Amino acid sequence: MVYQRYKELCEFQGQEPRTARRMRSFLSDFENLSLTLSEMEHRGQDSGTYRQHELNRNIATVVDALQTIISEFGAHQSIIEYLPDAGEEFATM
């Protein structure tokens, strides 16, 4: 789901997304910095093994810290409620 949203944001901005492998590397870095929590999820032999990621900080605090980036690049619909003035001034996708 994280990679899909990332790809949507890249498309929205007309940018070429990095690979899923590179995204997994970023997510690993975020976990090492205690920004996210993750755990392995096993979905049986045919479905494989996945990592489930969860934000380890209050989302309003994270959105506030990213105001400059959000102002420049826009925001995904899923965080609009956390933006000042309900995101009226920000481009959304």
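Taken together, the values in this text are just the output of simple stated rules run on the coordinates, not laboratory data. In this text the structure is predicted, and so the values were computed from the model without any measurement. Because the Cβ atoms are built from the backbone with ideal geometry, glycine has one as well, and the counts that use them run over all protein chains shown.
What the table below lists for this structure:
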| item | result |
| --- | --- |
| Condition check for G44: surrounded by fewer than 14 Cβ atoms within 10 Å (Cβ to Cβ) and either of a type in the set (D, E, K, R) or over 26 Å from I80 (Cβ atoms) (or both) | yes |
| Hits in the stretch 26-43 - residues which are closer than 11 Å to N56 by Cβ, polar (S, T, N, Q), more than 11 Å from the chain's Cα centre (by Cα) and outside any loop (DSSP other than H, G, I, E, B) | S38 |
